[in-house]
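The values are calculated or read from the model by the stated rules, or taken from the named source; none is laboratory data. Keep in mind it's a predicted model, so treat the numbers as computed, not measured. Virtual Cβ from ideal backbone geometry, glycine too; neighbours counted across all protein chains shown.
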């Protein structure tokens, strides 16, 4: 059966989304695919979910491939981007979505936990951006979008390691926006509370939602639609942080 042709806003472009087998990353990958981009679905442990995402993207008539890499390992990052260039010959969009999240009080946090969360949430995005920019600069254009968090803007005592990693990612976004201008635009999206189909808010999450001005949680599509905007439009935007949190961060 012949493949469908695309005239979407990202037709002919290539996007890589880290941590794209599940949750927000999956929705971002599907959204970019529906817009016409060929999509590289990065994963670390979620092989089946990543392959399912690839098959769904390919069913829409665009190319897609799943590539395994732990973004906290620079050698694996380098190999992934070499594979992307070999397979596609270009890279137009990088979405640094991969991240980990777990609570740990300051007095219980171990060095291993600290290194792991900073490795995935901050070190990984930097080295992915570095590798992506080297490819993008050959075409003198590109878009890098970092998925940070409301936790990078607010202090959550039991998540000091997580908040530090996401605050670092926000500053990294600003530094890279200056370093890579004018050809490559770098922006960040900071989600608030996001729920997925079948999830029911309880306890602290329910309280957070009730204290949010819009009185509801967001969904993955809320984040993916902003990614699409930054990837396909926003030609005069760089170094900015887009907070999608239902108003929770309003002082």
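Quick notes on this one:
- Residue that is nearest to residue 165 (Cα to Cα), among those in the range 97-119 that are under 23 Å from the mean Cα position of the chain (by Cα) and in a helix (DSSP H, G or I): 118
- Hey, residue 134 surrounded by fewer than 16 Cβ atoms within 10 Å (Cβ to Cβ) and either closer than 18 Å to residue 164 by Cα or at pLDDT 95 or above (or both) or not: yes
- Condition met for residue 94 (under 24 Å from residue 186 (Cβ atoms), under 15 Å from the mean Cα position of the chain (by Cα) and free of Cβ contacts under 8 Å to residues at least 60 places away in the same chain): no
- For the range 20-37, residues that are surrounded by fewer than 24 Cβ atoms within 10 Å (Cβ to Cβ) and farther than 21 Å from residue 198 by Cα total 3.
- Subset of the range 139-162 [assigned to a loop (DSSP other than H, G, I, E, B) and in contact (Cβ under 8 Å) with a residue 12 or more places away in the chain]: 139, 140, 141, 148, 149, 153, 154
- Residue, surrounded by the fewest Cβ atoms within 10 Å (Cβ to Cβ), within the range 145-187, restricted to residues that are touching a strand residue (DSSP E or B) at 6+ places or on another chain (Cβ under 7 Å) and farther than 18 Å from residue 131 by Cα: 170
- Residues being farther than 26 Å from residue 149 by Cβ and surrounded by fewer than 18 Cβ atoms within 10 Å (Cβ to Cβ) - total across the range 57-77: 6
- Check on residue 213, at pLDDT below 95, on the phi < 0 side of the Ramachandran plot and more than 15 Å from the chain's Cα centre (by Cα): no
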